[in-house]
There are 2 protein chains.
Amino acid sequence: MIQPSMPADFLPFAHRLAECSGVILKRFGHGVRGFESKSDSSPVTAIDREVEAALRAAIAAEYPDHGILGEEFEPSNLDNEWVWVLDPIDGTKQFIAGIPLYGTLIALARNGFPVLGIIDHPATGERWSAAEGTPALCNGRAVTTRARRSLPGSLMFTTSPEPFDDDERRAVSALRSEAAWCVYGAGCYGYARLASGQLDIGVEAGHDPFDYCALAPIIRAAGGVISDWEGRPLGLTSGQRFVASATPELHEEVLATLARELVSRPESVLR
Amino acid sequence: MIQPSMPADFLPFAHRLAECSGVILKRFGHGVRGFESKSDSSPVTAIDREVEAALRAAIAAEYPDHGILGEEFEPSNLDNEWVWVLDPIDGTKQFIAGIPLYGTLIALARNGFPVLGIIDHPATGERWSAAEGTPALCNGRAVTTRARRSLPGSLMFTTSPEPFDDDERRAVSALRSEAAWCVYGAGCYGYARLASGQLDIGVEAGHDPFDYCALAPIIRAAGGVISDWEGRPLGLTSGQRFVASATPELHEEVLATLARELVSRPESVLR
């Protein structure tokens, strides 16, 4: 068997993975009922694990030597050239509440950096995808970011104010004060909408590689930029902060604004 | 012509209003493109006005003496026994960004207090409705709130942290510290999901009667409670804060928690 060698060669298989996770998540329809306080997270953890186990089995069958980094199980083969990065349910709270913005994130990293991404939203029936060298697609149609090149009046989003520490909150507030407005709670759906040209800036802290690796190839292929808050490319060993912008010019202004507030405390890459 | 005299008599007409607004909003599909910074709000204002004008025309044709309170035009006939309360697009930012959580809110108030409500979500194809004396329905099926009776471990939501002043933020943080988690940005969709038993507590400040009047009959008919932060029923002359809970017992605990933090500054009803 001839092994694929270009990131785009893996796109058909990545779409099959998203079909697989979508089938499982759709079984639960609009939200998950019956949580009680002491076990609020456990039923979702079970679904999370079921989805990730199914994706891992499919990857192991097709590419047994590839690495896998997922939210629910121990990482494997991380020293392989190719590593799959999986978040079975991004937006667990939304999934529990029946808010249709949760999604499955699937990325393929090559030598530590994502080169293929899928953002699959089973509840809205939308799937964004891209690989290095391909356009970004939503349900097969090419998408591009907006042309906004400067911060004033931009449309901003972040998932939650809660993960920000005081320094980070001050930095995000500096962006917010220039933006037209900030919408909360969009999660991975916001980054998909940024790729589709409807939002300009997404900013987060307190996240893991499986939260952002799938976003990066899509944002870049759509014309945007995504990096950590210091401007470094996102990869398997990045820190917890990331930010995406619709254009390179806007991203430069965003990074400069964040840096002004964080001058005393840039994030080191720990891993 | 015999005039309807029970709130439920107006439900078929209220559903026709929601059909009308849904047709207009669906024309714009997934989001509105092409905003520029200096006029980011104006295209949406035009759609808002188009929807509200259509609803007002329908009301004027059917019930010419009824009052109307809407977001976009001057109120009329507010001294009538019956007043329609209209928010053509609740979740304008989400509408612009193509995030499918925006909705049209339609309420009918009798002698100043809402007795019929519709929450219509054209992007998800879901419509919640209720009137005094009827069950709460989502697309024709009865919905009920969850049975959660105390704050610890409850599932909480709020639209945005931005409208809260320091006192309000401290009060909401006191709720948050007891809750399992808080999801942001759900807007009116969150209150619909609370009525459907998937979220426990929604809390807001900085809102207007057309933002909450439609929610009240639905939350109540589903078994929940909604009031201002002092426990007063919501009406045309309420203040800007409101809070909804899945059960009366939970609501009592929520109000007591908010009151502890706001002891020096309850909200007066200004209008």
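The values are calculated or read from the model by the stated rules, or taken from the named source; none is laboratory data. Everything numeric here is computed off the predicted structure, so don't read it as measured data. Glycine also receives a Cβ, built like all others from the backbone with ideal geometry; neighbour counts cover every protein chain displayed.
Output the residues belonging to segment B:59-84 that are within 12 Å of B:Leu17 (Cα to Cα) and among the β-branched types (Val, Ile, Thr).
Once the filter is applied, which keeps residues that are within 12 Å of B:Leu17 (Cα to Cα) and among the β-branched types (Val, Ile, Thr), segment B:59-84 yields only B:Ile59.
Check whether at least one residue in segment B:144-159 is in contact with a helix residue (DSSP H, G or I) (Cβ under 6 Å, 6 or more places away or on another chain), closer than 30 Å to B:Asp9 by Cα and not assigned by TED's automatic domain parsing to the domain that holds B:Pro266, and report yes or no.
no
Consider B:Asp208 carefully, then state whether it is touching a residue at least 60 places away in the same chain (Cβ under 8 Å), more than 9 Å from chain A (Cβ to nearest Cβ), under 15 Å from the mean Cα position of the chain (by Cα) and surrounded by fewer than 19 Cβ atoms within 10 Å (Cβ to Cβ).
Judged against the criteria, B:Asp208 is a match.
Tell me which residues, restricted to segment B:151-166, are farther than 16 Å from B:Val243 by Cβ and within 11 Å of chain A (Cβ to nearest Cβ).
B:Pro152, B:Gly153, B:Glu162
On the given criteria, is B:Ile218 touching a residue at least 24 places away in the same chain (Cβ under 8 Å), surrounded by 23 or more Cβ atoms within 10 Å (Cβ to Cβ) and assigned to a helix (DSSP H, G or I)?
yes
From B:Arg148, B:Arg169, grab the single residue that is in contact (Cβ under 8 Å) with a residue 60 or more places away in the chain, surrounded by fewer than 24 Cβ atoms within 10 Å (Cβ to Cβ), more than 28 Å from B:Glu74 (Cβ to Cβ) and within 11 Å of chain A (Cβ to nearest Cβ).
B:Arg148
Of the numbered conditions (1) buried (at least 23 other Cβ atoms within 10 Å of the Cβ); (2) within 14 Å of chain B (Cβ to nearest Cβ); (3) touching a helix residue (DSSP H, G or I) at 6+ places or on another chain (Cβ under 7 Å), A:Ala180 fails exactly one; give the number of that condition.
Among (1) buried (at least 23 other Cβ atoms within 10 Å of the Cβ); (2) within 14 Å of chain B (Cβ to nearest Cβ); (3) touching a helix residue (DSSP H, G or I) at 6+ places or on another chain (Cβ under 7 Å), A:Ala180 violates only (1).
Name the residues in segment B:151-166 that are in contact (Cβ under 8 Å) with a residue 40 or more places away in the chain and under 20 Å from A:Gly98 (Cβ atoms), would you?
Scanning segment B:151-166 gives B:Ser154, B:Leu155, B:Met156, B:Phe157, B:Thr158, B:Thr159.
Name the residues in segment A:7-56 that are modelled with pLDDT of 95 or more and among the hydrophobic types (A, V, I, L, M, F, W, C), would you?
Of everything in segment A:7-56, those that are modelled with pLDDT of 95 or more and among the hydrophobic types (A, V, I, L, M, F, W, C) turn out to be A:Ala8, A:Phe10, A:Leu11, A:Phe13, A:Ala14, A:Leu17, A:Ala18, A:Cys20, A:Val51, A:Ala53, A:Ala54, A:Leu55.
Can you tell me how many residues in segment A:228-237 are touching a helix residue (DSSP H, G or I) at 6+ places or on another chain (Cβ under 7 Å) and either more than 21 Å from A:Ser129 (Cβ to Cβ) or modelled with pLDDT under 95 (or both)?
2
If you scan segment B:39-92, which residues turn out to be within 19 Å of the chain's Cα centre (by Cα) and assigned to a loop (DSSP other than H, G, I, E, B)?
Across segment B:39-92, the qualifying residues are B:Glu71, B:Glu72, B:Phe73, B:Pro75, B:Gly91.
Taking the condition within 14 Å of chain A (Cβ to nearest Cβ) and in contact (Cβ under 8 Å) with a residue 12 or more places away in the chain, does B:Pro100 pass?
So B:Pro100 passes the test.
Within the set of pairs 6 or more residues apart or between chains, which connect a residue that is assigned by TED's automatic domain parsing to the domain that holds A:Gly103 inside segment A:52-81 to a residue that is of a type in the set (Val, Ile, Thr) and assigned to a helix (DSSP H, G or I) with Cβ atoms less than 7 Å apart?
Every condition considered, the pairs that remain are A:Ala54/A:Ile24; A:His66/A:Ile59; A:Ile68/A:Ile59.
Can you pull out every residue in segment B:185-205 that is facing another protein chain (nearest Cβ under 10 Å) and touching a helix residue (DSSP H, G or I) at 6+ places or on another chain (Cβ under 9 Å)?
Once the filter is applied, which keeps residues that are facing another protein chain (nearest Cβ under 10 Å) and touching a helix residue (DSSP H, G or I) at 6+ places or on another chain (Cβ under 9 Å), segment B:185-205 yields B:Gly185, B:Ala186, B:Gly187, B:Tyr189, B:Gly190, B:Ala192, B:Arg193, B:Leu194, B:Gln198, B:Leu199, B:Asp200.
Tell me, which strands (runs of 3 or more DSSP E) lie completely within segment A:103-200 with 2 or more residues that are of a type outside the set (Val, Ile, Thr) and out of contact with any Gly (no Cβ under 9 Å at 6 or more places or on another chain)?
Ranges flagged: A:113-121, A:181-184.
Being hydroxyl-bearing (Ser, Thr, Tyr), closer than 30 Å to A:Ser177 by Cα and at the interface with chain A (Cβ under 10 Å from one of its Cβ atoms), is that true of even one residue in segment B:105-128?
no
Tell me which of these B:Glu132 doesn't satisfy, since it passes every other one: (1) within 14 Å of chain A (Cβ to nearest Cβ); (2) over 11 Å from the mean Cα position of the chain (by Cα).
(1)
Across segment B:103-124, what is the total count of residues that are of a type in the set (Ser, Thr, Tyr) and crowded, with 24+ Cβ neighbours inside 10 Å?
1
Kindly provide the set of residues from segment B:151-166 that are surrounded by 16 or more Cβ atoms within 10 Å (Cβ to Cβ) and either among the polar types (S, T, N, Q) or within 17 Å of the chain's Cα centre (by Cα) (or both), ordered by number.
B:Ser154, B:Met156, B:Phe157, B:Thr158, B:Thr159, B:Ser160 - these are the residues of segment B:151-166 that are surrounded by 16 or more Cβ atoms within 10 Å (Cβ to Cβ) and either among the polar types (S, T, N, Q) or within 17 Å of the chain's Cα centre (by Cα) (or both).
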